[in-house]
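Novice: The structure under discussion is supplied below as structure tokens; questions concerning it will follow.
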Amino acid sequence: MLIEISNFSISEIKNFSSLKCKHKELLNYLSKYALSHSKKGLFKTYILKIENKIIGYISFSMATVEINPKIHEITTISKNLKYNLPALKITRLCIFEEYQKQGFGSIFITFSEILAIVLQMQIGCKMLLVDAKIDAQNFYIKNGFLEVTKENGTIFMIKKVITPNEFKNMEDKEEYLNNIEEFCNIFNYSNFYYQIREYLKY
């Protein structure tokens with residue numbers, strides 16, 4: 001299950017501090033700040049829980065991106081556009097040590113893409129963003145992200161969110177939607193699947 005952090009009790013959240021995470025600041029954020037940030041409408045954090053085991057978490061915020069030559073190359077947006085591009089930012093993503101390299105991180109990326117498409121339908125969302133740690137770069141590349149810049153030990157990476165016009169030209173439309181449907185059925189987001197299917201006019 002993917003559970004928004006406000007559905008956990010304070011005592012449950014305190015127990016998260018006993019989990020093991022390579023990057024201590026990620027665990028510190030989850031146990032101390034994620035709940036209050038969610039309640040204040042700053043960032044939304046979702047916990048992946050499977051068979052009563054806490055697998056990891058992901059946090060999101062809204063963001064905008066200024067168009068530069070690299071962004072233009074990736075998104076094919078007109079250079080003449082005067083406005084920043086709307087985006088969904090992955091602010092934190094953590095899989096606890098016991099469960100790493102088992103595909104759980106890619107579950108979070110699929111969830112991110114689904115949320116981004118739903119946002120695109122409702123208010124506009126052109127891409128996913130992440131300031132990736134160096135040791136996570138290959139994970140994001142495997143999941144379709146492209147590097148834009150590298151600075152201060154982090155890599156700014158983006159992944160374009162598909163539009164209906166781009167979907168029409170996909171060769172593997174059925175497989176793409178099947179993957180979304182499978183995810184939505186497993187994690188109880190069936191309403192998202194039907195909205196996306198209608199939006200993409202499949």
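Taken together, the values in this text are just the output of simple stated rules run on the coordinates, not laboratory data. A quick note: this is a predicted structure, and the numbers were derived from the prediction, not measured. Using ideal geometry, Cβ is built from the backbone for each residue, glycine included, and neighbour counts are taken over all protein chains shown.
Novice: How would you order 140-148, 190-198, 155-163 from highest to lowest mean count of nearby Cβ atoms within 10 Å?
Specialist: Highest mean packing first, the order is 155-163, 140-148, 190-198.
Novice: To continue, here is another question. Could you line up S59, S18 from fewest to most neighbouring Cβ atoms inside 10 Å?
Specialist: Lowest to highest Cβ neighbour count: S18, S59.
Novice: Given a Förster radius of 22 Å and the C-beta distance between K39 and F104 as r, what FRET efficiency does 1/(1 + (r/R0)^6) yield to the nearest 0.05?
Specialist: Plugging the Cβ-Cβ distance into 1/(1 + (r/R0)^6) gives 0.25.
Novice: Using the 10 angstrom Cβ neighbour count as an exposure proxy, how do L42, L30, L2 rank, fewest first?
Specialist: Lowest count first: L42, L2, L30.
Novice: Label-point separation (nm) for N52 and N138, each offset 7 Å from Cα along Cα-to-Cβ?
Specialist: If labels sit at N52 and N138, their model points lie 3.6 nm apart.
Novice: Would you work out the relative contact order for the range 61-192, in percent, from Cα pairs under 8 angstrom that are 6 or more residues apart?
Specialist: Dividing the mean separation by the residue count of the range 61-192 yields 21 percent.
Novice: What list do you get for D131, D172 if you sort them by fewest beta carbons within 10 Å?
Specialist: So the ranking, lowest neighbour count to highest, is D172, D131.
Novice: Let's see if you can work this out: charge +1 on each Lys and Arg Cβ, -1 on each Asp and Glu Cβ, no other charges. What is the dipole magnitude of the chain about its Cα centre, in debye to the nearest 20?
Specialist: Here the size comes out at about 660 debye.
Novice: Moving to a separate point now. Enumerate the helices in the chain for which the Kyte-Doolittle hydropathy averages 0.0 or more and the C-alpha atoms extend at least 27 Å along the helix's axis, using complete DSSP H runs.
Specialist: Values: long enough: 104-122 (28 Å, 1.51).
Span-like helices, by this rule, are 104-122.
Novice: Between S106, S38, I77, whose Cα lies farthest towards the positive end of the dipole of the chain when Lys and Arg beta carbons carry +1 and Asp and Glu beta carbons carry -1, centred on the Cα centre?
Specialist: Towards the positive end, the residue furthest out is S38.
Novice: Then there is this: Mind checking which of C21, M121, I95 is farthest towards the positive end of the chain's charge dipole, using Cβ charges of +1 (Lys, Arg) and -1 (Asp, Glu) about the Cα centre?
Specialist: C21
Novice: Additional query: Could you give the length gained by full extension between N28 and N179, i.e. 0.36 nm per residue of separation minus their alpha carbon distance, to one decimal place?
Specialist: Between N28 and N179, full extension yields an extra 51.1 nm.
Novice: Starting from the Cα of K14, draw a straight line to each of the aspartates and glutamates and keep only those under 17 Å, dropping any in the same chain fewer than 8 residues away.
Specialist: E4, E25
Novice: Also, I was wondering about something else. So for the chain, what are the equivalent ellipsoid semi-axes in whole Å, largest first, each being the square root of 5 times an eigenvalue of the Cα gyration tensor? Display every interim value, and only then the final one.
Specialist: Numbers: eigenvalues 157, 88, 51 Å².
Each semi-axis is the square root of five times an eigenvalue, giving 28, 21, 16 Å.
Novice: So which lysines can K201 reach, going by Cα to Cα under 16 Å and dropping same-chain residues fewer than 8 places off?
Specialist: The qualifying lysines are K168, K173.
Novice: Hey, another quick one. Could you calculate the FRET efficiency of E198 with K150 from 1/(1 + (r/R0)^6), where r is the beta carbon distance between them and R0 is 41 Å, rounded to 0.05?
Specialist: 0.55
Novice: For the chain, build the charge dipole from Cβ charges (+1 Lys, Arg; -1 Asp, Glu) around the Cα centre, then report which of S11, I155, N52 sits farthest towards its positive end.
Specialist: Most positive-ward Cα: S11.
Novice: Follow-up question, since we're still on this one. Rounded to the nearest 0.05, what FRET efficiency is calculated for N80 and E166 with R0 set to 22 Å and r the Cβ-Cβ distance? Could the numbers behind the result be given before it?
Specialist: Values: r = 20 Å, r/R0 = 0.93.
Result of the calculation: an efficiency of 0.60.
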